[in-house]
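First the structure, in the form of structure tokens, and then the observations on it.
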Amino acid sequence: MFFKTIKIKNLFSYKDVEFNLKKPSASNKNIVLIFGRNGFGKTSFLNSIKLLFHGPNDELLNEALPGRKLSIKSFTQGNLPDWYGILNQEARTSEEYKCYISIDWEDDDGNSVTASRVWRLDVDSGADLNGKLTVIIDTGIKRERLSEKQAQDYLESVLPMDFMPFFFFDGEKISFLAQSSERSREKQIEKLLGLHKFDLIIDTLKKIANEKKKHFTSDETRERFDQINLEITKTKRKQSDSKNKHAFLKHELEDLNNDLAKTKRDLETLTQTTSKNTTIDYSSKKETLVEKLQNANDTICQLMSELPLLTNRNLTERALTELTSITLSDNASQIDLLKELKEEIPSRVFVFSPHSEVPLTLDQKNFYNNKLERALNEKLEGFSELNKSLINIPQSIARITSTQLAIFLEDKHKRKQLTEALTTAHEAPIKIKEIENELVYNTTTQNPQAKDEKIKALHEKLSTLSREIGKKETELESFKTEYNSKALTDRINKLQKESDTLREEITFSDNAEKAWHKAKSLQRSFSNLKNQYKKEASTRLNDVINQKFQCIMTSHKQIAKIILKPENFTWELFDREGAIIGGASISSGMKQLIATSLVWTLQQLAGRNYPLVIDTPLARIDRGNQEALLKEYYPKASQQVIILPTDSELNLSKFNIIKDNIYKTITLKNTNGTNTELSYTSPFIEPEE
């Protein structure tokens, strides 16, 4: 950023002026001198620039009247008799209520920017206390006029309010940086160094954590959820028990009804006349069934060994498939041959003639025998790997077995014979029992006294069964009513609905708690990361500030080292022995030099290319250190340094120190105290005695 022109109209001591701050092309000079005696408009110039960027801010409201903070209305319109407001007195007298500050500058990208803030302080028409802000950006290709909101956001991004005290300041007041340990100063330095971005993340995580914490459920809610679920379980169990009892009773009732029907049949049979022919017929049927049962058992015994194969056709077919694959496999034949060789070769080689001319010892025979066995075993293992099967038998046995299995699969007669025998063995005993019962009844009917007793017993049984059936039907209806109860179902549904609502709330709470823990964890991580960066920044600050301080401090070496604390950027001063120097023992001029060193350090490390505007730049500082500032600081501090000294601060000898760096000199004149005028000439400054 480089200021080209500054226009001020009806603002503070300025009626209507324009500061031309352009410098000649190809000039490497960076200093503008604006001379002025006390009350001629230097502070008005500085405050006008501050007003443009951020309006009536806290810094201006606090400094207007010592020891008192003005309201924005009092600051802009006045608080007589102590404060006249921002409107120029001559303008107020002539009823000119429009005042403004406008600055043209060139940004770092070479764009031309014009920013202005205008106030219309006519009370009758309603005052705009913050002023109407306008920003126009000219890129050379297009010219864009920002809305007022966009304009304020743009200026905040270009020059944040926290940066102003480090670039636009009064040299007499800068020593507050050497004394202040306020959190606001720490925040300003953090922002200059870019550490404020961590705070943005941390604050966002805090908000997220606080928001998530609002959704935590209470212990009472969780207890209520458990109680409801327990009640639902009990109610459903009661309903289920009733349903099970109903089903059990239903089966019991079916058995009783079957028994009742059978008793009725028995009674009906007894009351009918039974002939001897019927008894003979039942006896003949029984004999036939007994004979069939005996034949069936004999058949089953005969086929017992073949039973698994006849009754498991799928298993038999699968076994036959495996056996067939073995019989057809060349590997299987090889395996059989190798096994035969393994059995016969040792005896043929070592027992039967002919023998070698030199007889073998027993150890040699054992050695060669073992070697032959290992060779044959290796071959057998190789073939076995190639011939893996569910059935592992020799090929010859596989051939015989497959032939037998094929016979079983093709023998449909045996399978049919076995099926009929098994069916008869199952059904015949039941039919025989039924016939025996009929024979008992027939025998009883042929004895009148026994028949009457039997009929009487059956009538009593019918009566008992009827009473028991009636009782069971009543119980059955009772349990049916209980498990089908609408009130019970409605109760379960109501509890379930409440449970679902609480479950959703608790699930949401659990998720919120997980997010809360995550946000807190991230918050701690970013805080630790910020502290780490802050510590590293503090190390860099300490290196640079001590270099800068040694450049501008020439009178003595009382302060050997300045240490900035990483936790809050306050500092401690140390002498050459390493002892701490108390702040009360440091002069105001010394504090101004320390603060200047800090500002210089921050300007360098922040990498911000702003104009530097300094009112009363040399006050309270002795001559030797003034010369050091003029030689070392101002020519190097920024690409544009605007110094506003009084005629007592900057005499001819001091002027000569920086004259090679000055590209513009302006003298302020204000004879009546209400209208500052400009003269682009240097005042004549007598050399000091």
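The values are calculated or read from the model by the stated rules, or taken from the named source; none is laboratory data. The structure presented is a predicted model; accordingly, all values stated were derived computationally and were not measured. Virtual Cβ from ideal backbone geometry, glycine too; neighbours counted across all protein chains shown. These area figures cover heavy atoms from the full protein model, side chains too; ligands, DNA and RNA do not enter into them. Shrake-Rupley method; radii C 1.70, N 1.55, O 1.52, S 1.80 Å.
List of remarks:
- Residue identified as touching a Phe, Trp or Tyr at 6+ places or on another chain (Cβ under 6 Å) and modelled with pLDDT of 85 or more among Lys212, Lys142, Lys149: Lys212
- The set of residues in the range 577-606 being farther than 19 Å from Leu541 by Cβ and of a type in the set (S, T, N, Q) consists of Ser585, Ser587, Ser588.
- Scanning the range 632-645 turns up one or more residues that are part of a loop (DSSP other than H, G, I, E, B) and more than 57 Å from the chain's Cα centre (by Cα).
- Hey, Ser527 within 16 Å of the chain's Cα centre (by Cα), in a helix (DSSP H, G or I) and polar (S, T, N, Q) or not: no
- Note on the range 84-135: residues that are assigned to a helix (DSSP H, G or I) and not small (Gly, Ala, Ser) total 6.
- Scanning the range 35-58 for residues that are over 22 Å from Lys149 (Cα atoms) and open to solvent by 40 Å² or more (accessible area, probe 1.4 Å) yields Arg37, Asn38, Gly39, Phe40, Thr43.
- Cross-chain or 6+ apart pairs with Cβ under 7 Å, the range 24-42 first and in contact (Cβ under 8 Å) with a residue 40 or more places away in the chain, then open to solvent by 80 Å² or more (accessible area, probe 1.4 Å) and part of a loop (DSSP other than H, G, I, E, B): Phe35/Asp647; Arg37/Asp647
- Residues that are among the hydroxyl-bearing types (Ser, Thr, Tyr), outside any helix (DSSP H, G or I) and open to solvent by 50 Å² or more (accessible area, probe 1.4 Å) within the range 561-594 comprise just one, Ser587.
- Candidates Asn625, Asn656, Asn609, filtered to the one that is assigned to a helix (DSSP H, G or I), of a type outside the set (D, E, K, R) and open to solvent by 40 Å² or more (accessible area, probe 1.4 Å): Asn656
- Only one entry in Gln523, Gln558 is without any contact (Cβ under 8 Å) to a residue 60 or more places away in the chain, of a type in the set (S, T, N, Q) and surrounded by fewer than 19 Cβ atoms within 10 Å (Cβ to Cβ), namely Gln558.
- Qualifying residue in the range 361-381 (condition: touching a helix residue (DSSP H, G or I) at 6+ places or on another chain (Cβ under 7 Å), open to solvent by 100 Å² or more (accessible area, probe 1.4 Å) and either farther than 30 Å from Lys292 by Cβ or at pLDDT below 75 (or both)): yes
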